[in-house]
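Values quoted throughout were computed directly from the atomic coordinates according to the rules given, and no laboratory measurement underlies them. Please read all numbers here as calculations on a predicted model, not as lab measurements. Glycine also receives a Cβ, built like all others from the backbone with ideal geometry; neighbour counts cover every protein chain displayed.
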């Protein structure tokens, strides 16, 4: 089940601040499924932890599994 990630701000083109922690975008996957476009962003913080965020509105809102 996907949940909304509420506290996400763009810091630079490849850095997101998620819940007060800086995350670098290390991989982007764009897809189009039957006319619905989306992006999956793989992020890594400075401790080496990773997470994936999904967006369906060009980075305005983010979801996470």
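Suppose each label sits 7 Å from its Cα in the direction of the beta carbon; what would the residue 37-residue 63 distance come out to in nanometres?
Label at residue 37, label at residue 63, 1.8 nm between them.
Given the chain reduced to its alpha-carbon atoms as identical point scatterers, what log10 I(q)/I(0) does the Debye formula return at q = 0.29 Å⁻¹?
-1.47
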